[in-house]
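*Asks:* I have a structure here, written as structure tokens, and I will follow up with some questions on it.
The values are calculated or read from the model by the stated rules, or taken from the named source; none is laboratory data. What you are looking at is a predicted structure, and each value in this text was computed from that prediction instead of being measured. Backbone-built Cβ (ideal geometry, glycine too); neighbour counts: all protein chains shown.
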């Protein structure tokens with residue numbers, strides 16, 4: 001837990017805003033809701049992604065149809081990395097968005 005609380009919140013805020021921008025700029029028919037540190041993406045087919053901050057653990061959590069995933073911020077790569085698979089958040093989101101919504105989006109900047 002090397003992140004300070006303030007840095008953690010700044011990183012999560014920036015990540016969630018970048019995700020909102022990517023989804024807003026896509027041609028997908030979806031609903032976005034960002035409330036109390038939880039970003040919910042509801043796809044047209046009824047599936048959803050939930051990206052939430054877990055302050056005590058300094059983690060970003062992703063809930064998807066395929067399961068729940070926990071991400072730690074890697075200072076070296078400046079990216080969120082899954083704590084069990086080492087998959088980057090952007091890579092996982094690209095795969096999961098393809099699985100759930102049938103569309104490819106570029107999450108390279110995440």
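*Asks:* Going through region 48-68 one residue at a time, which ones are crowded, with 16+ Cβ neighbours inside 10 Å and within 20 Å of residue 103 (Cβ to Cβ)?
*Replies:* Within region 48-68, 48, 49, 51, 62, 64 meet the criteria.
*Asks:* Does region 9-19 contain any residue that is closer than 15 Å to residue 100 by Cα and more than 14 Å from the chain's Cα centre (by Cα)? Give the derivation first.
*Replies:* From region 9-19, those closer than 15 Å to residue 100 by Cα are none; that's our starting set.
No, the conditions are met nowhere in region 9-19.
*Asks:* Also: Among the residues of region 1-29, which ones are assigned to a helix (DSSP H, G or I) and without any contact (Cβ under 8 Å) to a residue 40 or more places away in the chain?
*Replies:* As a first pass, look at region 1-29 and keep what is assigned to a helix (DSSP H, G or I): 5-25.
Across region 1-29, the qualifying residues are 6, 7, 10, 13, 14, 16, 17, 20, 21, 24, 25.
*Asks:* Just the residues that are more than 17 Å from residue 110 (Cβ to Cβ), touching a strand residue (DSSP E or B) at 6+ places or on another chain (Cβ under 9 Å) and either without any contact (Cβ under 8 Å) to a residue 24 or more places away in the chain or assigned to a strand (DSSP E or B) (or both), please, taken from region 41-60.
*Replies:* 42, 43, 48, 54
*Asks:* Another one. Does residue 63 fit the bill of being out of contact with any strand residue (DSSP E or B) (no Cβ under 9 Å at 6 or more places or on another chain) and modelled with pLDDT of 95 or more?
*Replies:* Values: out of contact with any strand residue (DSSP E or B) (no Cβ under 9 Å at 6 or more places or on another chain): no; modelled with pLDDT of 95 or more: yes.
Criteria not met by residue 63.
*Asks:* So, in region 8-30, how many residues would count as being loosely packed, with under 13 Cβ neighbours inside 10 Å and at pLDDT 95 or above? So that I can check it myself, show each step before the final result.
*Replies:* Within region 8-30, the subset loosely packed, with under 13 Cβ neighbours inside 10 Å is 10, 14, 17, 21, 24-25, 27, 29.
Now narrow it down to the ones that are at pLDDT 95 or above: 10, 14, 17, 21.
Of the residues in that region, 4 qualify.
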